[in-house]
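What follows is a short report on a single structure.
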Amino acid sequence: MTFDAIIIGAGQAGPSLAGRLTAAGWKVALVERKLFGGTCVNTGCMPTKTLVASAYAAHLARRAADYGVALQGEVGVDMKAVKERQQTVVRNARGNVETWLKGMKGLTVFEGHARLTSPTTVEVDGQVLEAPKIFLNVGGRANAPDMPGIGDISYLTNTGMMQLDVLPEHLVIVGGSYIGLEFAQMYRRFGARVTVVEMGPRLIGREDPEVSDAVREILEAEGIAVRLNAECISFSPCKTEGGDEGVCVHVSCTEGEPAVKGSHTLLAVGRKPNTDDLGLDAAGVAVDKRGYVTVDDALRTNVPSIWAMGDCNGRGAFTHTAYNDFEIIAANLLDPEAHGDPRKVTDRLTAYALYTDPPLGRVGMTEAEVRSQGRPALVATRPMTRVGRAIEKGETKGFMKVLVDAETKQILGAAILGTSGDEAIHGILDVMYAKAPYTVLQRTVPIHPTVSELIPTVLGELKPLA
């Protein structure tokens, strides 16, 4: 069967690209081998943030008295109901994506395992599809490194956590980064005992130390145990304190006991791309040493007829970067104005959030990155205890931090660890993308009372980075 384009994968970028191409009159094939919607819809953003919301509700209920609200009895969590709520959100989102695609004029949907057989052909369970342009949107999955004893135990990844409908007696999380910390806090709030084991010297090691330290303090204040500098980790089956089958995580570090016994173990130690069974060799598509498809600034591979979008290209590990990949490709292919001004991956800023409570909103460079460049810079911070909106909500943990180039006056980076930090950061992100000086943002008149209204105030307190 012959098409104008073949899209492999129905994650964040693929369906939207199909919509743009078919609207332009292209005859398009889209292949999905498992779940429509990809990681975000099925095992990533939507289900985890649904669980975060349930955990926040439980946490807030326990704090009811702080707000003058009287509740009778202990706050309980029905894990089966929590899971069903999460699954309902997922089923609805996945169903909407599938319905949209299967009803799209000009698009033929194939359900099966796609493999490249040449730069212009794809085989789907014995059926051969051909097109002059092929777009890869195959995503990634949790990485399970070959740690000692890993083959002797049962463990969970983010995918397995989505199917859990019981409360772990003791959840041991190996990996103290973004995914691991979100699960740590939510399951602690559900009522589980939680221990986080991190190989490095601090949590979320890519952040500045004060951010890492503040997040650790927040988690420990809720009763989460943190073990750092776990240079050597191994696993073995064991009995839990309740006598059930569990996992013993052996930890070699300078602090704490040499072993942690848990009823459930979550591996949150990174991800890898779904490229190992895609037939990339047959098409001559180059990958890096970790299996990510190598792409240029316009997301083209080394094969002129093939592009790669989303997690599989190693140029971004987020839903928003995957969607931007679609925008870049679609604009460069279809928009006349892109001929003289093509869209590029390097146009976008690094921006993301950690969805603990409070959340961390991040954009641009860290202080460590600024210092490594040796450029003159200004910095300002403000604790959330001095943010009116945070005080009113009774959520004053965290702080705001902004870094500015002392010469150009452009904002280099920012972190907002605090209530609404994941939303407030966008005011800074927009000014940074416009390459406007920080004084533009400083002169705005934000809405009161919000977290964002304190950003101009923080900018007015900038001092040289010592």
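Taken together, the values in this text are just the output of simple stated rules run on the coordinates, not laboratory data. Remember, predicted model here, so these are calculated numbers, not experimental data. Backbone-built Cβ (ideal geometry, glycine too); neighbour counts: all protein chains shown.
Computed on segment 106-206, with alpha-carbon pairs under 8 angstrom and 6+ residues apart, the relative contact order is 17 percent.
Taking every C-alpha pair closer than 8 Å and separated by at least 6 residues, the mean separation divided by the residue count of the chain gives a relative contact order of 13 percent. Of 167, 107, 181, the sequence from fewest to most neighbouring Cβ atoms within 10 angstrom is 167, 107, 181.
For segment 418-466 versus segment 142-217, the inter-centroid distance based on Cα atoms is 32 Å.
Which links in 49/83; 49/344; 34/272 stretch past 20 Å when you go from one Cα to the other? Violating the 20 Å Cα-Cα cut-off are 49/344.
Does a label point 7 Å from the Cα of residue 34, set along Cα-to-beta-carbon, have any residues of segment 92-124 with amide nitrogen under 14 Å, and which are they? The answer is 112-114. Here's the list of lysines a cross-link from residue 463 could span, going by alpha-carbon distance under 17 Å and ignoring same-chain residues fewer than 8 apart: 401, 409.
Within the chain, which DSSP H helices have Cα atoms that stretch 20 Å or more along the helix axis and a mean Kyte-Doolittle hydropathy of at least 0.0? Long hydrophobic helices here: 45-62, 319-334. In the chain, the DSSP-assigned H stretches of four residues or longer account for a calculated mean residue ellipticity at 222 nm of -9000 deg cm²/dmol, using -39500 (n - 2.57) per stretch and the full residue count as denominator.
What relative contact order, as a whole-number percentage, does segment 351-464 give when Cα pairs under 8 Å and 6 or more residues apart are counted? Computed value for segment 351-464: 30 percent relative contact order.
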